[in-house]
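The values are calculated or read from the model by the stated rules, or taken from the named source; none is laboratory data. None of the values given here were measured: they were computed from a predicted structure. Counting neighbours? That spans all protein chains shown, and the Cβs are built from the backbone with ideal geometry, glycine included. The protein model used for the area step is the full one, side chains on, heavy atoms only, and it has no ligands, DNA or RNA in it. Shrake-Rupley method; radii C 1.70, N 1.55, O 1.52, S 1.80 Å.
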Amino acid sequence: MEIHNIHRNPRWLTGLTLKTLLFGTLISTASTSLAIGITDEKFTDLAGELSADETAVNLAYGQLNEASLASHFNPVGMLLAGNLRCTATWLGSEEDSAYIVTAAHCVYGDNKSEESRYIGERATFRTGDGRILAHGIATTNFAGYTQCSNDIAVVELPLIANPIDSNGQLVPKPVFADQPEFTGFQYQPMTLAGYGYWGTPTLGNLGWGRAFGQGGIPLDFGGCLLNQADSEEAWAFGAPGDSGSASWHWRDGQFIATGIASRWLGWAGRSSLHTRIAPHHQWLKRVYPQINTVTRSRTLTESSPIELGSVERSVKGSVYYNAGDNTLGPRDSQWDYPSGFTYLGVYLTDQSERTSRLVILRAQRLTHCGWGEINNGVYCRGGANKGDLKVWFEHEDNAGLVPGLYQGTFTLEAKGWHDESYQSSIALKANILVEGNRGIEGTVTETKATRTIPYDSTVRGTIYYQAHGSTKSDTGGPVWNGEGGRWSTLDVLVRNRDTKEAHSVKLRASRLASGCMWVTMNNAVSCQGDEQGSYGQLDISYHESDNPDLPDGRYESYFNLKAIGWHTNFHKVLTFRVDVNKGG
Amino acid sequence: MKRRLIGGALVIAVVIAAYLSLRVSPSPLEGAVEMAVPKTARSPGTVQVSPPSGGDQDEVAVRDAGPMMAPRSDTIEAYLRDVEAMNPELAVPSSPLPQEKEEVVVLYDLDLTLWRASAAAKSVFANYALNVQLDESHFVEFDESTLDILEPGQRFSLPPLNGLSQSVIVKTQESLRQDAINWDLVDDRGVSVGSITRIGDAVEGIFFVSGGTYHLRAVNGVGWVADDATLTAFLENEAKASELPQ
């Protein structure tokens with residue numbers, strides 16, 4: 001094929017403006033494409049009549065299309081895998097890869113019925129405005145697809161561009177359900193957004209495109225959620241093309257993906273079936289360790305606050321917060337100009353000592369006048385439609401805490417000021433690493449062991465070591481024997497820096513019993529002829545081969561061991577730091 | 001003159017006094033450390049702080065604009081009345097935005113054919129793809145060399161989609177990750193009609209035309225063009241449940 005002539009035509013001056021060219025409306029584009037089935041009643045409500053006339057269809061579905069482009073649906077896009085077109089949701093991007101969740105029946109696999117991975121299908125993922133986000137040969141992960149309850153797959157694709165919002169900002173990772181209980185979502189409005197057929201039970205297929213809808217989940221068939229469009233509140237159901245789309249629930253200011261569209265029951269059936277996501281959360285974390293979950297997004301660390309969105313979105317009137325039963329803080333309410341913040345006190349477990357300690361946190365609630373105290377129910381001009389909650393940790397409030405990993409849960413009670421029927425207990429977690437150098441024996445990393453001084457030299461006789469606090473050892477009480485070349489295995493609680501989750505890492509701990517013999521740390525043996533002071537060091541090291549099940553990531557913590565005299569009542573608590581980067 | 005000097009001195013003194021009072025006041029955080037148990041927000045000792053970093057700057061602006069705190073009300077009905085009273089502008093149509101000066105741009109007509117139908121392309125494309133269910137009528141030969149000359153401002157026609165030809169204008173050209181290049185396309189009214197993206201040996205396209213949304217996929221010069229309905233049809237039988245799950 002030849003390259004054809006380019007005709008320059010300077011006289012071709014049209015009314016076309018640069019502005020029009022550059023900022024052509026996406027809404028107009030969306031209106032040309034016609035995904036969600038809705039009830040006849042809802043169609044009539046939106047269009048004014050129950051008619052397949054193009055004007056009526058555009059009137060009804062134009063509104064649903066526009067609603068599907070709301071910012072909280074930014075991660076929703078279309079996946080073209082092989083020659084199948086489905087809906088999918090961007091989970092997040094890491095380095096050069098994008099991770100996308102969809103239905104297993106939308107993508108190719110050679111062993112789908114087992115937990116498996118298939119590499120080889122070409123796929124493209126686009127966001128709502130048609131912008132290409134990822135393309136290439138996919139690595140597709142299956143949880144083991146046999147039916148609706150496990151119709152879920154995660155596709156890893158080469159990243160072309162990260163999703164951005166209308167302000168040019170990176171779209172935040174969506175939040176996925178990981179809590180095993182379902183009762184909180186049952187009978188609550190479920191939000192749908194996807195690409196596919198439009199239609200109603202009476203009118204049948206009306207067209208194509210992206211649309212928003214609201215359904216409801218009355219039943220959970222063992223991990224398969226039934227969505228029935230049979231009321232004013234639940235009027236939408238998934239249709240072909242919508243397969244793989246996430247279904248969402250608002251809860252405490254978070255928009256949470258709880259299901260994946262799997263099947264439908266025809267126009268007359270007015271129902272769709274959705275794979276429940278929460279039972280697959282461990283699998284999801286294995287295939288995409290950085291996935292954002294409800295638990296992770298509600299975990300506080302020393303550097304990342306908990307931030308919940310506009311809790312007032314689904315409540316009439318304003319929402320304020322009180323301290324829960326296990327939390328020190330306000331139990332009353334006020335109505336005043338918002339300013340400052342609220343101190344909270346929570347009892348967290350210092351894992352080094354396995355002791356409960358009071359940790360001070362700060363919290364704020366958002367209004368149109370800015371941030372203020374959490375128990376202040378005031379709103380400002382614009383109405384009560386914020387109520388965002390922020391909880392964070394400040395080192396200066398907690399100067400007295402010793403270095404360690406502080407873990408625990410606490411609750412805040414969200415209460416409706418005007419709508420007193422609204423009450424929600426918000427469970428939050430803390431995984432706070434309090435840093436410090438004072439009194440630290442040393443740091444264990446993935447490449448470097450740490451070794452103490454020969455503590456035997458500081459006392460008469462010998463010493464041995466024992467686990468302390470939450471740290472566990474596979475060797476028990478003190479022993480005296482000559483079994484060399486041994487070590488104790490420690491289980492130390494650590495925190496993943498990125499996911500904020502707690503894990504257990506295995507470390508080796510050996511005591512130098514003489515110049516040439518390493519023994520388990522609880523072995524106080526000494527050898528005749530050794531000069532006192534030349535032995536008794538404790539060596540602690542990390543070995544990847546001891547931690548095959550530990551996911552890749554950066555793990556940090558502090559832990560304590562006790563040095564104890566065999567011949568004397570010597571007793572000293574030794575604190576170590578662990579900082580291990582696995583797979584880095 | 002003397003009176004003016006005295007007045008100026010007084011102003012300076014007040015400013016210095018205010019500055020010193022700020023300097024010598026204990027910082028709120030010192031108070032925080034001293035407390036035995038956390039204060040509630042209502043206590044007089046509540047710390048006055050700016051919104052934390054990353055705070056909503058718009059909120060600060062609103063706050064500076066004047067007192068807009070809502071009156072206290074305890075019922076939903078009273079709340080709704082208050083919101084209406086506080087937001088009278090919501091009931092008034094907003095004034096039209098000022099018209100921006102229009103800029104006229106020069107476009108260049110371009111005579112090119114991005115792709116042409118080729119039933120034979122299916123057997124070649126099978127080398128690059130799995131399980132292609134589309135029939136031969138969807139297959140095309142794609143002239144990748146045409147992409148080398150695309151640039152913003154050019155106007156050309158897409159090969160017929162659903163029997164209709166579509167004139168498109170290259171709005172932008174953008175380099176992306178994976179050495180990909182993307183061309184956004186608009187129609188004569190400036191409305192987006194899709195995009196073409198070259199990524200290595202592949203070309204991906206999406207076209208929003210009156211007949212629906214069409215997808216293009218080509219690898220090494222061969223590929224297919226098909227609309228949403230065709231691409232979803234293969235799913236329909238699988239997605240339609242004949243019975244509830246076990």
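Values for this structure:
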read-out	value
Odd one out for A:GLN169, checked against (1) closer than 24 Å to A:ASP388 by Cα; (2) open to solvent by 30 Å² or more (accessible area, probe 1.4 Å); (3) touching a Lys or Arg at 6+ places or on another chain (Cβ under 9 Å)	(3)
From A:THR575, A:THR489, A:THR475, residue being assigned to a loop (DSSP other than H, G, I, E, B) and either within 23 Å of A:VAL434 (Cα to Cα) or at pLDDT 90 or above (or both)	A:THR475
Test for A:VAL525: is it over 42 Å from the mean Cα position of the chain (by Cα) and open to solvent by less than 60 Å² (accessible area, probe 1.4 Å)	yes
Residue among A:PRO218, A:PRO180, A:PRO174 that is at pLDDT below 95 and under 19 Å from A:LYS285 (Cβ atoms)	A:PRO180
Region B:179-220, subset touching a Lys or Arg at 6+ places or on another chain (Cβ under 6 Å) and among the β-branched types (Val, Ile, Thr), residue most open to solvent (accessible area, probe 1.4 Å)	B:ILE181
Any hit, region A:201-215, residues being closer than 18 Å to A:CYS148 by Cβ and touching a Ser or Thr at 6+ places or on another chain (Cβ under 8 Å)	yes
Test: residue in region A:127-148 that is in a strand (DSSP E or B) and among the basic types (Lys, Arg)	no
Subset of region B:162-178 [within 11 Å of another protein chain (Cβ to nearest Cβ) and in contact with a Lys or Arg (Cβ under 9 Å, 6 or more places away or on another chain)]	B:ILE169, B:VAL170
Subset of region A:352-369 that is surrounded by 24 or more Cβ atoms within 10 Å (Cβ to Cβ) and not aliphatic (A, V, I, L, M) - its residue that is farthest from the other protein chains (Cβ to nearest Cβ)	A:SER352
Criterion: of a type in the set (Val, Ile, Thr), open to solvent by 10 Å² or more (accessible area, probe 1.4 Å), more than 14 Å from chain B (Cβ to nearest Cβ) and more than 21 Å from A:ASN431 (Cα to Cα) - qualifying residue of A:VAL311, A:VAL287, A:VAL315	A:VAL287
Residue list for region B:114-145, restricted to those being closer than 20 Å to B:GLN173 by Cα and out of contact with any Phe, Trp or Tyr (no Cβ under 9 Å at 6 or more places or on another chain)	B:GLU144, B:SER145
Close pairs from region A:177-204: first more than 14 Å from every other protein chain (Cβ to nearest Cβ), partner open to solvent by 30 Å² or more (accessible area, probe 1.4 Å) and of a type in the set (A, V, I, L, M, F, W, C), Cβ under 6 Å, at least 6 apart	A:ALA193/A:PHE212; A:PRO201/A:TRP267; A:PRO201/A:ALA268; A:LEU203/A:ALA52
So A:ARG122, is it closer than 30 Å to B:LEU176 by Cβ, of a type in the set (Lys, Arg) and more than 11 Å from chain B (Cβ to nearest Cβ)	no
